[in-house]
Amino acid sequence: MVVLSKIYTRTGDQGETGLGNGDRVPKFSLRVASYGTVDETNATVGMARLHAGDMDGALARISNDLFDLGADLCTPDMENDASAPYPRLRMIAQQVDRLEREIDRMNENLTALRSFVLPGGTPLAAHLHVCRTVCRRAERLVVELAAVEAVNPEAVKYLNRLSDWFFVAGRIANDDGKRDVLWVPGLTR
């Protein structure tokens, strides 16, 4: 259980932060940048929820998942999970599977695209495109981290599916794609 009785601790004043396993690392480390960008993604989800309507429940679940993902990423040493003094929170395949089912369900009634979709349309769609692009940045950082340190493979899969979820949800928010803003190559030449 998390207990936050004091918000500032001064332990980061020298440019380091504590990971979930107690290790101290520079705040600019790739691991911190990775879960920090997951946190940023979650903040964009909070903005999208201001406009979400019927989509709010799904976005609330995603927001909670993103906190799970941050907890996963801030706790390295996956090989020592079994001997940890408390159960470590890791992303699991069922979270990825849920996103895939939701994407398939949302995509059922959308027409096939003949062009790329530009960010925009409704306010919710525009916010979901911001979610998508920040999520893609988080994914790139986590993939980079996975190239040099152990990372839960489900974390990478989750971010990859989530950016797709945001894209399809943006089309739903654009009146099931009818208000999508499509790219016209060379339009302003």
Give the label of the value calculated from the structure for Rg and Dmax of the Cα atoms in Å, choosing from (i) 18.5, 62; (ii) 16.0, 48; (iii) 15.3, 47. (i)
Within the set 35, 158, 86, GNM on the chain using Cα springs under 10 Å gives the largest fluctuation to 86
Would you calculate the separation in nanometres between label points at residue 25 and residue 7, each defined as 7 Å from the Cα along the Cα-to-beta-carbon direction? 2.6
So which trypsin sites (Lys or Arg not before Pro) in the stretch 1-54 pass both tests, a DSSP loop state and at most 15 other Cβ atoms within 10 Å of the Cβ? 6, 10, 27
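How would 139, 149 line up from fewest to most surrounding beta-carbon atoms within 10 angstrom? It would help to have the intermediate numbers written out before the result.
On the way: 139 23, 149 14.
Least to most surrounded, the residues fall as 149, 139.
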What percent of all Cα-Cα pairs in the stretch 105-189 falls into each 10 Å bin, going from 0 up to the bin containing the maximum distance? 18, 39, 27, 14, 1
From fewest to most C-beta neighbours within 10 Å, the residues 163, 115 line up as 115, 163
Stokes-Einstein diffusion coefficient of the stretch 80-154, Kirkwood radius over Cα pairs, 25 °C, 0.890 mPa s, in µm²/s: 155
Relative contact order of the chain, please, whole-number percent, based on alpha carbon pairs below 8 angstrom and at least 6 residues apart. 26
Using 0.36 nm times the number of residues separating residue 182 and residue 116, minus their current alpha carbon distance, what extension gain do you get? 23.2 nm
Assertion target for 178, 157, ordered by fewest C-beta neighbours within 10 angstrom first, is 178, 157
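Values quoted throughout were computed directly from the atomic coordinates according to the rules given, and no laboratory measurement underlies them. None of these values were measured; they are calculated from a predicted model. When we count neighbours, we look across all protein chains shown, and the Cβ atoms used for this are built from the backbone with ideal geometry, even at glycine.
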